[in-house]
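I have placed the structure first, in the form of structure tokens, so that the comments after it can refer back to it.
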Amino acid sequence: MDDIHDFDTIDVELDAYFKKKQASRCKDEFLNILCEEYDYEAVDDAQTENDAQTGNDTQTGITKEESDEDYLEGSNEEGSDEEFEYSTHNPKVKWNKMRPMLGERYESPHELKLCLTNYAVSKGFQIRFKKCDSVRLVAICGSDPEKCPFVVRASWMTTERSFQVKKMIDIHKCVRNFNNSRLMDPTWLARKFVKELIRKPNLKCKEMQVIIQSKFHCKISWSKCYRSRMRALSLIHGNLNDHYARVWDYGHELLRSNPDSTVRITVNVNPDNTTTFHRFYICFKAIREGWKRACRRVIGLDGSFLKGQCKGELLTAIGRDANNQVYPIAWAVVDVENKNNWKWFLDLVNDDLGLQGGKGVCVISDQHKGLVEASKDILPYVEHRQCARHIYANFRKVYSGVQFRNMFWAAAKSTTEGDFKFNMERIRAISSAAYDHLMAREPTSWCRAYFSTGLACEAVENGIAECFNAIIVDARKKPLLSMLEEIRLYMMERAFNLKQEAENWVGEVCPSAVTKMEEFGEDIKSWHAVPSGVNEYEVRNGFQNYGVNLKEKICACRLWELSGIPCVHAQVAILYTNQDPVNFISSWFSKNNYKATYDQNIHPVNGSILWEETSYTKPLPPIERRMPGRPSVKRRRHVSENQDKYSQVSSKGRTVQCKNCLQRGHNKISCKNPTVVPEPQPKKKMGRPRLEPDLVNWSGTKTGSRGGGRAGGRAGGRVGGGRSRGGGRGSSGRGNRGGAIPNVESEGVQTEYGKGTSEFPKCEPEDVAIPNVESENDASPDLQEISLTIDNLRKSLYTTEEIMDCLGLTEAELQEIEGLGVSEAEVQQIEDVDVAMSQDVGIASQITVEELPTNHVLGDEERMNGEDGIDEPGMGEVMTNEERMDGEREIPSTQQLNQVRKRTTKRSKVNQVRRRKPSERITEIQLQKVVAVKNGKGMSSSNPLGLD
């Protein structure tokens with residue numbers, strides 16, 4: 001590092017020999033200029049005068065080249081009385097002020113080449129190195145060497161070990177061109193960006209291109225910038241082999257500066273007697289004693305990949321201080337994360353911290369199998385918690401969605417076993433497979449309900465270890481020793497800053513604990529305390545109640561015992577006694593514990609030059625485990641961690657469908673398949689679709705009950721659909737307009753009228769009972785019920801195929817059941833009776849009830865207009881409201897109505913009857929006469945209908 005110079009920031013320093021010879025002058029004007037004080041303006045003026053003198057010599061016939069050669073030859077002539085000392089190149093001169101001189105001495109050809117490159121880039125000249133090796137250097141013009149006389153020749157001196165410019169013609173007749181991308185090789189650019197990369201390690205190649213464009217007026221490719229950046233970083237951090245070769249020296253320096261610390265280094269001896277690096281473990285005494293003194297017995301274990309030239313993984317053990325912040329305890333560099341390396345790491349941590357096999361200690365980790373197995377061997381008594389975020393990441397791969405996410409975290413953060421079971425039952429109600437998936441992941445390791453108390457930590461995630469990995473993400477890109485030094489410096493400076501920050505805190509409790517207590521008590525207004533005894537209270541909120549004991553610092557919800565911070569129930573009880581809840585926070589969160597954690601400090605370490613060189617064999621870098629694909633630098637975040645930084649939903653993970661060939665996996669643009677015409681979609685049914693796929697019967701609507709015919713929609717009032725399987729008197733009679741009939745569940749019982757209201761009754765859907773058809777020999781009521789069900793389905797606009805699927809019938813069976821209705825002759829007889837009754841009322845005495853249609857309902861408008869009609873299929877004959885209210889007419893029995901119901905009219909025939917003209921329909925007087933005849937009442941001239 002000492003031999004690396006930045007020519008942009010280092011001032012010009014004169015050579016000591018020049019200062020000594022500053023007053024001495026010689027007869028040659030050119031040498032006098034070299035001996036003058038190193039002023040660049042004077043150098044430029046002298047060069048101008050020299051060029052003018054050269055022009056005069058040219059006019060007299062003497063060229064500059066001949067003059068220089070005569071001068072150099074004359075200076076070496078034997079017997080010369082005067083000896084001349086040539087100038088020595090000063091590498092500390094600013095790069096744009098460098099200018100080669102005739103006779104100037106350099107340390108090596110490389111130094112002269114660097115000087116010529118700086119001169120050409122700053123002046124905008126094109127230079128090409130015709131010869132450049134370890135013996136000589138020849139540089140000519142790179143634009144037009146035939147016309148431009150510029151040339152520089154240099155070689156080693158015979159009298160001393162210096163590389164001298166023997167010949168130089170500094171005359172350019174070419175056009176200036178600042179685009180010297182050929183001269184700006186990665187090595188030259190790397191020297192220019194050393195200090196910049198030290199100041200800004202994350203300098204991008206794009207930013208380097210902008211800097212080069214503005215500073216050197218030249219365009220450089222991205223690949224050259226990348227190579228330049230890598231070479232500059234190698235100049236800063238050194239070679240990778242040098243890092244691994246000095247691991248022993250670095251370990252001894254850590255032990256010298258921080259006595260009683262733990263440093264363990266292991267190497268592998270290969271069959272060819274070569275030694276390669278294996279593992280490196282560090283645990284400083286100050287950090288170890290601080291954790292033992294004042295930190296909670298909770299440790300987070302995690303491993304992270306190394307991103308730079310140094311390959312491997314970094315294992316870390318992270319604690320929590322009194323302010324619930326990151327407290328790294330120990331870290332180790334290993335080749336791979338496996339069970340063997342985790343056992344080695346945990347064994348050292350167990351010895352340093354005195355864990356005694358994990359008694360009273362909690363460990364939080366991810367689901368790495370090697371770590372779980374190693375902890376069982378090294379820490380058999382430890383409470384091992386699994387990170388709930390990793391559990392959910394695997395759970396989400398199969399069961400995604402906001403509902404599953406909320407239910408999972410509600411179950412994970414349940415503090416009692418009852419709450420956990422309740423939340424898991426909610427998951428089981430949605431998906432039993434999701435329930436089984438979570439129960440197979442050992443809920444005792446990721447649910448708060450099963451955590452042990454007394455540790456003052458209710459965390460279900462290992463986020464504090466992930467936080468430390470994010471802090472050192474830049475350090476993990478550096479070589480081995482640079483990375484370890486970066487972590488050490490971070491820990492040393494952080495401990496000092498946190499200790500100074502604690503002096504400004506108000507109170508005796510850390511602020512993070514107070515903030516968490518306020519979060520626990522967000523809904524404190526909804527709870528109230530009921531005293532039970534001394535320091536015992538029952539805190540209630542509606543039907544929820546929890547017992548709180550202030551002396552024992554326990555609550556039935558267990559959150560106070562788990563976290564060490566009063567929960568909302570405890571805060572309500574504490575405020576009831578006029579005390580401050582802050583005083584009931586656990587002592588683990590006290591300010592004194594926080595100061596004791598950072599009481600000791602990490603001592604500084606000397607630079608690599610001052611490290612004591614050990615006698616151990618210098619190890620080589622480990623054999624690289626090359627994984628397929630390009631290595632990733634950023635941590636692969638889970639979908640649940642992504643922020644909503646886009647304006648639309650991402651289509652990642654979706655399978656597109658081609659609109660051309662209707663196949664999945666590609667789109668229309670890249671489709672090479674022939675066009676496929678999609679099948680026509682069936683026309684959607686009008687109206688709102690059903691909410692449930694099952695057949696439902698909405699009671700209380702216009703449809704009414706299955707046995708009650710049209711439920712009074714036209715009869716002047718809305719009725720409740722009573723399920724009347726026995727065929728009792730239905731609800732289709734004339735009622736008060738706007739009246740309502742309550743729902744009735746009866747068999748063979750007449751429905752009762754209620755008082756009229758102007759609103760629909762609130763009804764619930766009822767499943768339609770679909771009877772089974774076993775054979776043709778079944779009882780007639782079963783066939784009759786099936787026939788009524790089919791008729792209701794027809795009215796609901798169900799197709800034949802849907803009815804067959806619902807009832808499990810074949811087409812032949814459906815036709816046979818529907819054929820049990822009236823025959824063509826019976827329908828014709830009904831029509832003849834209708835015509836006869838319209839001509840002469842006296843014919844009505846010859847009509848029996850059995851010959852009437854089974855569905856005879858009067859519409860509301862027809863009753864108001866004095867007209868009659870046939871409505872949808874129902875339960876039989878109709879009576880007026882006056883007759884029902886008077887109760888003077890005999891009501892048909894259940895057996896009689898069943899006989900009428902057995903004769904089910906075929907739907908097509910009923911439709912024919914329904915389509916008659918109003919003038920051809922039976923009047924209400926005729927129906928009343930039929931009812932009177934059926935009841936056995938006689939007819940007379942004064943009372944032809946037999947009415948009272």
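The values are calculated or read from the model by the stated rules, or taken from the named source; none is laboratory data. Keep in mind the model is a prediction, meaning the values are calculated, not measured. Heads up, the Cβs are rebuilt from the backbone with ideal geometry, glycines too, and the neighbour counts pull from every protein chain shown. Side chains are part of the model used for accessible areas, which takes the heavy atoms of the whole protein and leaves out ligands, DNA and RNA. Shrake-Rupley method; radii C 1.70, N 1.55, O 1.52, S 1.80 Å.
Set the bar at 23 Å for Cα to Cα. Now go through K553/K591; K478/K499; K94/K192; K413/K516; K167/K219; K92/K195 and name every pair that lies beyond it. Flagged as over cut-off: K478/K499; K167/K219. To put it simply, the accessible area of the range 424-581 at a 1.4 Å probe is 50 percent carbon and sulfur.
Are there trypsin sites (Lys or Arg not before Pro) in the range 351-439 that DSSP puts in a loop and that have at most 13 other Cβ atoms within 10 Å, and which ones? Walk me through the numbers before you get to the answer.
Details: sites: K359, K369, K376, R385, R389, R396, K397, R405, K413, K421, R426, R428; in loops: K359, K397, K413.
Those satisfying the criteria are K359, K397.
A dipole drawn for the range 248-329 from +1 and -1 charges on Cβ atoms has a positive end, and of A286, G251, G319 the residue lying farthest that way is G319. Residue-wise HN-Hα couplings along the range 570-584, as the Karplus relation 6.51 cos²θ - 1.76 cosθ + 1.60 with θ = phi - 60° gives them from phi, are 5, 5, 5, 5, 5, 5, 5, 8, 6, 10, 8, x, 4, 5, 9 Hz; Gly and Pro carry x.
Rolled with a 1.4 Å probe across the full set of protein chains, the surface gives F404 an accessible area near 30 Å². Given their separation in residues at 0.36 nm each and the Cα-Cα distance between them, K684 and N394 gain 100.3 nm when the chain is fully extended.
Note down the net charge around A245, summing +1 for each Lys or Arg and -1 for each Asp or Glu among other residues with Cβ under 15 Å from its Cβ. After counting each charged neighbour, the total is -3. Structural descriptor for the range 168-304: relative contact order 17 percent, calculated from alpha carbon pairs under 8 angstrom and at least 6 residues apart.
Only Cα pairs under 8 Å and 6+ residues apart enter the sum, and on that basis the relative contact order of the range 364-513 stands at 21 percent. Working note: Karplus 6.51/-1.76/1.60 with θ = phi - 60° gives the range 805-813 the couplings 5, 5, 8, x, 10, 8, 5, 5, 5 Hz, where Gly and Pro are set to x. Annotation: E442 carries an accessible surface of approximately 110 Å², with a 1.4 Å probe and no ligand, DNA or RNA atoms counted. For the peptides 511-521, 799-809, 309-319, residues were scored by their other Cβ atoms within 10 Å and the scores averaged per peptide; the highest-first order is 309-319, 511-521, 799-809.
Of the residues T617, T158, the one with the largest accessible area comes first in the ranking T158, T617, computed with a 1.4 Å probe on protein heavy atoms. For the residues L255, L189, a 1.4 Å probe over the protein chains yields an accessible-area ranking, largest first, of L255, L189.
Taking a Cβ cut-off of under 11 Å around S234, the surrounding Lys, Arg, Asp and Glu residues balance to a net charge of +2, with basic ones at +1 and acidic ones at -1. Between E538 and D436, the C-beta separation translates, for a Förster distance of 45 Å, into a calculated FRET efficiency of about 0.75.
With K and R counted +1 and D and E -1, the other residues having a Cβ less than 13 Å from that of L254 yield a net charge of 0.
Ranked by the mean number of other Cβ atoms within 10 Å of their residues, highest first, the peptides 214-225, 464-475 come out as 464-475, 214-225. For the peptides 671-678, 102-109, the ranking by mean Cβ contacts within 10 Å, running from highest to lowest, is 102-109, 671-678.
Please work out the FRET efficiency for the pair K551 and R199, using the Cβ-Cβ distance as r and a Förster radius of 56 Å; give the result to the nearest 0.05.
That gives a FRET efficiency of 0.40.
For T88, the residues whose amide H sits under 5 Å from its own are R105, ignoring neighbours fewer than 5 places away on the same chain, with H placed 1.01 Å from N. Surface composition of the range 179-283: carbon plus sulfur atoms hold 52% of the accessible area, using a 1.4 angstrom probe and ignoring ligands, DNA and RNA.
Accessible area per residue for the range 406-523, computed on protein heavy atoms with a 1.4 Å probe, is 46 Å².
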